[in-house]
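A short write-up of the structure that comes next.
Quick note: the coordinates plus some simple rules give every number you see, no bench work behind them. Everything numeric here is computed off the predicted structure, so don't read it as measured data. Cβ atoms come from the backbone with ideal geometry, glycine included; neighbour counts cover every protein chain shown.
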Amino acid sequence: MTEAEPGAGSPSGRGASLPHPTPQERTRQGKDARALCPRSSHAEFTPPPDRPDPVSLLERQATTRVPELVPIRYGRMLVSPFTFFRGAALIMASDLDSTPRSGLTAQICGDAHLSNFGLFASPERSLMFDVNDFDETLPGPWEWDLKRLAASAVIAARDREFTAKEASGAALAVGTAYRQEMARLAGQSTLDVWYSSIDVAQLLADLDATAGATRSKADRRMAERTSKIMTKARTRDSLQALDKLTTVVDGRRRIISDPPLIVPADELFSPLESDAISESFHRLVRGYRRSLQTDRRHLLEQFEFVELARKVVGVGSVGTRAWILLFLGRDNDDPLFLQAKEAEASVLEEFVGRSTYANHGERVVAGQHLMQAASDIFLGWQQVASPDGVTRDFYVRQLRDWKGSFEVENSIPQGLTKYVAVCGQALARAHARSGDRIAIASYLGSGPVFDRALATFAERYADQNERDYEALKQAQASGRIQVESGL
């Protein structure tokens, strides 16, 4: 029996006879793709004359969002070109649609910038590093994720005022790490690839060993900062959120109001509306439980749903409906915080096709399970009817579970390059779980042709991102958009 070809992000292939090409045939597929889309062509990026106005794309997204929160989104995007980029997934998806495609697909993140990778706890309570944002996930061209990651590396380097060589080197590191990791995975068995993960403890051990061998202050700083990030991540859990987000009122835990960032439901709506939305979220919780494994459903049922509040999250997500739900177990000091986040259509849909899932919450959850080495035990989905009469899709996960992230704003050149390389490795593993790793590795080859093209693209796109950032600033100056800064 030959090894089965991955399903490239399809839900299950139910009722279909899946092809089973040999490794040699898959290798040939990758090499044939080079003829149709040369690796060097990925350097191309020239904005077409009819390129959509970037501000108009952002305004289009705003039409489905909470109106009073949209100015906060613009304010967060206007902090720097890097924060603008974080909110510009739709803009870049529109741009990528006109770039060369290899023809090979995988389940992709759709928003694979530097800040969407990080630390989290596995169900076995070990720290892992992986992609951690899947709002835009869909099957699509694997190179789109890589181009977004490389562009974010250059934009972050410029934000830190690194040299042009250092910025280009960071983008080059993304491609090199991805290519080498994909080649390694192509030689592994299917189960070994599926079980593969990035163990943060081992990553720290490698950094310590490097620092000891080189006696470099920069290497030692990277090891020490990684250790601090790990230590901090282990404190970010429901107990920490309990102290920060709640207080005891008349003997009962309540979420602290901090408008406009955190607002309990009973402050957002009239008493009648508040009761209605509370009941709708009780229904959401009951329905959401059915999307969990049996053992995790049993665990959730040991907690009592107490209160919910709207919470502003992220940069690009600001304005979508995100709620935090407080549950209590045995007593007031036994909390569980869940986040229910609205899932809209992926920004990729108009360019790669509609999702096969009717519920976008399920799309997000399915994509996350497919791409991540391990996922939150409470990850699930459901729909809820809002007070405005609109039924919306949501996915649910823990608010905090040992989450940590690299501080791009305080990075040094060596640290950024090392970090983006680890992101490239994580992305390769995520794509290898759903895409044809042998064909992709064959397409990339053993030399730096693709890496160099990717770095060139990243620099060109960083230039475009700066122009788009200026366009948003001009929209603010002209009064076209309303901006609320500092939140």
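Observations, loosely collected:
- The stretch 143-194 - Rg (one decimal) and Dmax (whole number), Cα, Å: 14.0, 43
- Volume per residue that the Cα convex hull of the stretch 312-369 spans, once the total is divided by residue count, Å³: 115 Å³
- Amide H contacts of residue 138 (H built 1.01 Å from N, under 5 Å, at least 5 apart or other chain): 108
- Scattering curve values for the chain, log₁₀ I(q)/I(0), Debye with Cα scatterers, q = 0.06, 0.11 Å⁻¹: -0.27, -0.95
- Normalised by 2.2 N^0.38 Å, where N is the number of residues, the C-alpha radius of gyration of the stretch 210-307 stands at 1.68.
- Relative to the longest principal axis of the Cα atoms of the chain, helix 360-371 runs at roughly 50 degrees.
- The charge dipole of the stretch 42-174, taken about its Cα centre with unit charges on the Cβ atoms of Lys, Arg (+1), Asp and Glu (-1) only, comes to about 220 debye.
- Each 5 Å bin from 0 upward holds the following percent of the Cα-Cα pairs of the stretch 330-418: 3, 11, 15, 17, 15, 14, 14, 7, 3, 2, 0.
- Computed E for residue 124/residue 228 - FRET, C-beta separation, R0 22 angstrom, nearest 0.05: 0.45
- The dipole here belongs to the stretch 238-398: it is taken about the Cα centre, uses +1 on the Cβ of Lys and Arg and -1 on the Cβ of Asp and Glu, and is about 400 debye.
- Across all directions, the shadow cast by the convex hull of the stretch 120-247 built on its C-alpha atoms averages 11.4 square nanometres.
- Normalised by the number of residues in the stretch 238-398, the mean separation of alpha-carbon contacts (under 8 Å, six or more apart) gives a relative contact order of 21 percent.
- Crossing angle, helix 449-477 versus the chain [Cα axis fit, 0-90 degrees, rounded to tens]: 40 degrees
- The lysines whose alpha-carbon is closer than 18 Å to the alpha-carbon of residue 244, local same-chain residues fewer than 8 away aside, are 232, 311, 403.
- Cβ-based charge dipole, the chain, positive-most Cα from 271, 381, 200: 200
- For residue 228, the aspartates and glutamates whose Cα comes closer than 14 Å to its Cα, not counting residues fewer than 8 places off in the same chain, are 208, 407.
- Averaging 1/r over each pair of different alpha-carbon atoms in the stretch 362-487 and inverting the result gives 19.4 Å, the Kirkwood hydrodynamic radius.
- The fraction of all Cα pairs in the stretch 238-398 landing in successive 10 Å bins from 0 to the largest distance is 10, 38, 37, 13, 2, 0, given as whole percents.
- As a rough guide to protection, the peptides 143-151, 434-442 ranked by mean Cβ packing within 10 Å, highest first, stand as 143-151, 434-442.
- Highest average packing first - 47-59, 444-456, 364-376, Cβ atoms within 10 Å: 364-376, 444-456, 47-59
- Furthest towards positive pole of dipole, 426, 261, 88, structure part the chain, Cβ charges: 426
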